[in-house]
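*Asks:* Have a look at the structure that comes next, please.
Any read-out appearing in this document is the output of simple, stated calculations on the displayed coordinates, not a laboratory observation. Worth saying up front: this structure is predicted, and the values here are computed from it rather than measured. Neighbour counts run over all protein chains shown; Cβ positions are idealised from the backbone, glycine included.
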Number of protein chains: 2
Amino acid sequence: MANPVYVAVDWGTSSFRLWLIGKDGRILGERRSGEGMTTAAKTGFADVLASHLAALSVPQNVPVIACGMVGAKQGWVEAGYIDVPASISSILTGAVSVADQSRDIRILPGLAQRDKASPDVMRGEETQLLGALGPDSRGLQAVCMPGTHSKWVHVQDGEVIGFSTFMTGELFDAISKHTILSHAVASAEAAQADNSAFKAAVLAAFRQPAMASNLLFTARSGQLLHGLTAAGAQARISGTLIGLEIAGALFDAPNDTPVTLVASGRLQGLYETAFKFLSLKYTVIDADTAVRRGLSAAAEAIWPN
Amino acid sequence: MANPVYVAVDWGTSSFRLWLIGKDGRILGERRSGEGMTTAAKTGFADVLASHLAALSVPQNVPVIACGMVGAKQGWVEAGYIDVPASISSILTGAVSVADQSRDIRILPGLAQRDKASPDVMRGEETQLLGALGPDSRGLQAVCMPGTHSKWVHVQDGEVIGFSTFMTGELFDAISKHTILSHAVASAEAAQADNSAFKAAVLAAFRQPAMASNLLFTARSGQLLHGLTAAGAQARISGTLIGLEIAGALFDAPNDTPVTLVASGRLQGLYETAFKFLSLKYTVIDADTAVRRGLSAAAEAIWPN
């Protein structure tokens, strides 16, 4: 095996992903598990990390760079926040060391937006952002990182000027499972997604965000009155929430602000469909690739060759 | 006891309310229970009604007028819908009889809005509407009936020109119990409502409805960064959803459209606070009074003296 140079860890609330990186960023090994912060806070962060490093036989002198909820107050070591506005490159400089370890382990900080009207925080997505745009991007850009809590970041010439969290994924789950709409979507199968119902709902919520909680109800009334299918109802809920998110994320952005979508899998498909239907200018970068690139940028800044 | 003339029943999904009415609309007796449609569908609608009539010793010749989910497909007898646009007075004429009963029992129809883009239905609220405005109202009016599923009805010269359901109450429950915000509101007590946080959230969502799912998240980020209390977080969720509802309900209504609020108790207080803060012109009618008046109007139309 080629010599490993550092280990990169994306350690979120419910997932753990580790890459062993060699010279020139080559991936020498990879580990994935469900030992996110919630689990590791019980079983011990040091033990979880050690078991994965042992599985890949990583020598003791190879350092570790990590990001995500591992740096939260409830995490391993609190890594604090960098307050925005802040340059993307400042993320590279804010890592904290985990004390009393035989190995050099650093955890990257999150971002905080402290203004009274729109307080917000992120942990992990700042590293995806760094990986997606690099530290020296030019012009005005919007970066969309969809998920349980979608994050939208506005960047001007390499500086994060603001960001917003939208509870899209979690609202979708809560609404689909714990409201009257649970009956409407009961027999929906992911394989039979209703693309046209999704697009119509995205557009309706994007154009009239004030009607969001009414548009959600049409998943039920559409079944009562128009025979909407379960897949159609599911698409309507999902489309409404994604359309609402996009409307909010871009409402004060100039037209034609380019969007970078950091996503993968099913979510990537949904957001691409929505962006195309709304004629947004966008590019895509895979979410795993983005976070790994961000971790690598930090590792190279902290441990230059 | 004075002679009873008819019995009025508001029979919803989860509640049963009955009034025994005498000459000139005098209330001679009253019953309330949790035997709504969901329960009565199992134990039998006829038996539930009979037990309450027996408790008030209502003679066999006194007829019954009912409204609400008792007339749904899953109810006692399906009472259908009147399609809007329709005059409020048409509700008076659409009652169906329950067959094979020794007593004359009628159930009022609901309202349906069948257009493809905004399908909607109501059962029970049409009777509140009738009671709140009467059959002959003049001018343009908006009627707000808040609840699990808030209904807003737009009326022009006694005609229902459109209505919308907003899932406000149910979203509040699902979000408060089944998302990350459940931690934020965990220790909130209803007694310690945070009025200023509520008003700020109403205004923020009313002005920028597109930011609704972000404003919800600030119930958490406001705690992380600004020490927002549990009561403040709860007020922020409630205010965001109510502000979003009002924005949607009035977005295409002319300014100064008078609003009739049909509500009681805690919800009445919240909506009055919101309406005042948004400088809306409104009047209030108690929800029970409204439905009883509507049932009485129907009874007098069906069984004129």
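*Asks:* Running a GNM on chain A with Cα contacts under 10 Å, which residue among A:Gln74, A:Gln113, A:Gln268 ends up with the highest mean-square fluctuation?
*Replies:* A:Gln74
*Asks:* For a quick check: with amide H placed at 1.01 Å from N, whose amide H comes under 5 Å from B:Thr13's, ignoring anything fewer than 5 positions away on the same chain?
*Replies:* B:Met37, B:Met69
*Asks:* Okay, helix-only estimate at 222 nm for chain B: each DSSP H run of n ≥ 4 adds -39500 (n - 2.57), divide by all residues, round to 500 deg cm²/dmol; what do you get?
*Replies:* Counting only the DSSP helices, I get -12000 deg cm²/dmol.
*Asks:* While we're looking at this one, here's another question. Under 5 Å between amide H atoms, partner at least 5 residues away or on a different chain: which partners does B:Gly29 have, H built in plane at 1.01 Å?
*Replies:* Under 5 Å from the amide H of B:Gly29: B:Leu20.
*Asks:* Label-to-label distances across copies for B:Ser264, with labels 7 Å out along Cα→Cβ, in nm, shortest first?
*Replies:* 5.7
*Asks:* How far apart are the B:Gln101 label points across copies, placing each 7 Å from Cα toward Cβ, in nm, shortest first?
*Replies:* Relative to the other copies, B:Gln101 has label-point distances of 7.2 nm.
*Asks:* Taking each residue of A:111-121 in turn, how many C-beta atoms of other protein chains fall within 10 Å of its C-beta, and what is the average?
*Replies:* Mean shielding count: 5.
*Asks:* Also, quick follow-up: Check cross-link reach from A:Lys281 to the lysines: straight Cα distance under 28 Å, and skip same-chain residues fewer than eight apart.
*Replies:* A:Lys151, A:Lys199
*Asks:* In sequence order, what are the phi-derived ³J(HN,Hα) couplings for the stretch B:182-189 according to the Karplus relation 6.51 cos²θ - 1.76 cosθ + 1.60 with θ = phi - 60°, rounded to whole Hz, with x for glycine and proline?
*Replies:* 4, 5, 5, 9, 3, 9, 6, 10
*Asks:* Residue by residue through the stretch A:48-59, what is 3J(HN,Hα) from phi via Karplus (6.51 cos²θ - 1.76 cosθ + 1.60, θ = phi - 60°)? Round to whole Hz and write x for glycine and proline.
*Replies:* 4, 4, 4, 5, 6, 5, 5, 4, 9, 6, 7, x
*Asks:* Residues with amide H under 5 Å of B:Ala66's amide H, sequence separation 5 or more or different chain, H placed in the peptide plane at 1.01 Å from N; which?
*Replies:* B:Val9, B:Arg106, B:Ile107, B:Leu108
*Asks:* Please work out the ratio of the alpha-carbon Rg of the stretch B:1-46 to 2.2 N^0.38 Å and round it to two decimals.
*Replies:* The reported ratio for this selection is 1.29.
*Asks:* Once both axes come from the Cα atoms, what is the angle between helix A:265-277 and the longest principal axis of chain A, in degrees from 0 to 90, rounded to 10?
*Replies:* 50
*Asks:* For a quick protection proxy, order the peptides A:210-221, A:139-150, A:40-51 by their average other-Cβ count within 10 Å, most packed first.
*Replies:* Result, highest mean Cβ count within 10 Å first: A:210-221, A:139-150, A:40-51.
*Asks:* What are the ³J(HN,Hα) couplings of the stretch A:142-158, residue after residue, when phi is run through the Karplus curve with 6.51, -1.76, 1.60 and θ = phi - 60°? Round to Hz, x for glycine and proline.
*Replies:* Values per residue, Gly and Pro as x: 10, 10, 10, 10, x, x, 3, 10, 5, 10, 10, 10, 9, 10, 10, 6, x Hz.
*Asks:* What's the local net charge at B:Asp157, with K and R +1, D and E -1, over the other residues with C-beta under 11 Å away?
*Replies:* Within the 11 Å Cβ shell, the charges total -1.
*Asks:* Let me ask something else about it. Give me the Debye-computed log₁₀ of I(q)/I(0) at q = 0.06, 0.10 Å⁻¹ for the protein assembly as shown, equal point scatterers on Cα only, no solvent, two decimals.
*Replies:* Taken in order of the listed q values, log10 I(q)/I(0) reads -0.39, -0.89.
*Asks:* Another question, if that's okay. Over the Cα atoms of chain B, how large are the radius of gyration and the largest Cα-Cα distance (Dmax), in Å?
*Replies:* 20.6, 67
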